[in-house]
Amino acid sequence: QGMGMAIMEQLENDKKQRLAKEDAKSKQLESNYMSGSSTVPDSETAGRIRSKLMDRGMPSHVADAFIVNFQDESGHNSGINEANPIVEGSRGGFGFYQLTGPRRTAYEAFAKKRGVRPSDEDAQLDWLMMELKGSEKKAGNAIYKTSNTSDAAVAIVNQFLRPAKEHAVSRSARYRNL
């Protein structure tokens, strides 16, 4: 049993060191992003969201790619509602990735069934994971086939979020420099 405890402690120490290295890298990336270069943001909120995505089984490069897209979509604000909807009569986009139309309606029903507010971070991230495996499986497959943050971020904006063409083009160009 003593040997088993030693192995468990070593694994825990290795995990802490890995997380500390990832945290340091993330802080540097956030600093670069905020100064105008194209890197992954790492505010406290971004770090928390990234961890939650990875806890749900998302690879780190894909989680980083979602963090970049969430920054552009909502500033990492799970309760934000699009101020001036482009589609007349629409309630606009909502949450981390600005859910609109039927996707927003379905998400709101999901949150209600859970008994949480639509702004609940965990509900939004669970919904994201469900979409990637369900209704947005084609986009999910394309995103998960990537091997780096840049390609994943471009796949997310073009195949999953699908904003207006001019926004998709400018964001894709910026993401290629991650």
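The values are calculated or read from the model by the stated rules, or taken from the named source; none is laboratory data. Only a predicted model underlies this, so the values are computations on that prediction, with no experimental measurement involved. Using ideal geometry, Cβ is built from the backbone for each residue, glycine included, and neighbour counts are taken over all protein chains shown. Surface accessibility is based on the protein's heavy atoms, side chains included, excluding ligands, DNA and RNA. Shrake-Rupley method; radii C 1.70, N 1.55, O 1.52, S 1.80 Å.
For first residues located in segment 154-167 and more than 17 Å from Tyr144 (Cβ to Cβ), partners that are assigned to a loop (DSSP other than H, G, I, E, B) and open to solvent by 10 Å² or more (accessible area, probe 1.4 Å) and lie 6+ apart or on another chain with Cβ distances below 9 Å form the pairs Pro163/Gln98; Ala164/Ile86.
Within segment 159-175, the set of residues being assigned to a helix (DSSP H, G or I) and buried (at least 18 other Cβ atoms within 10 Å of the Cβ) comprises Phe160, Leu161, Arg171, Tyr175.
When the residues of segment 49-79 are filtered to those that are among the aliphatic types (A, V, I, L, M) and without any contact (Cβ under 8 Å) to a residue 60 or more places away in the chain, the one that is farthest from Met129 (Cα to Cα) is Ile67.
Within segment 48-75, restricting attention to residues that are part of a loop (DSSP other than H, G, I, E, B) and either open to solvent by 10 Å² or more (accessible area, probe 1.4 Å) or in contact with a Cys (Cβ under 9 Å, 6 or more places away or on another chain) (or both), the residue that is modelled with the lowest pLDDT is Gly75. The set of residues in segment 80-119 that are exposed (fewer than 12 other Cβ atoms within 10 Å of the Cβ) and in contact (Cβ under 8 Å) with a residue 60 or more places away in the chain contains only Ile86.
Scanning segment 131-158 for residues that are among the hydroxyl-bearing types (Ser, Thr, Tyr), open to solvent by 60 Å² or more (accessible area, probe 1.4 Å) and closer than 17 Å to Ile67 by Cα, we see that the one that is nearest to the chain's Cα centre (by Cα) is Tyr144.
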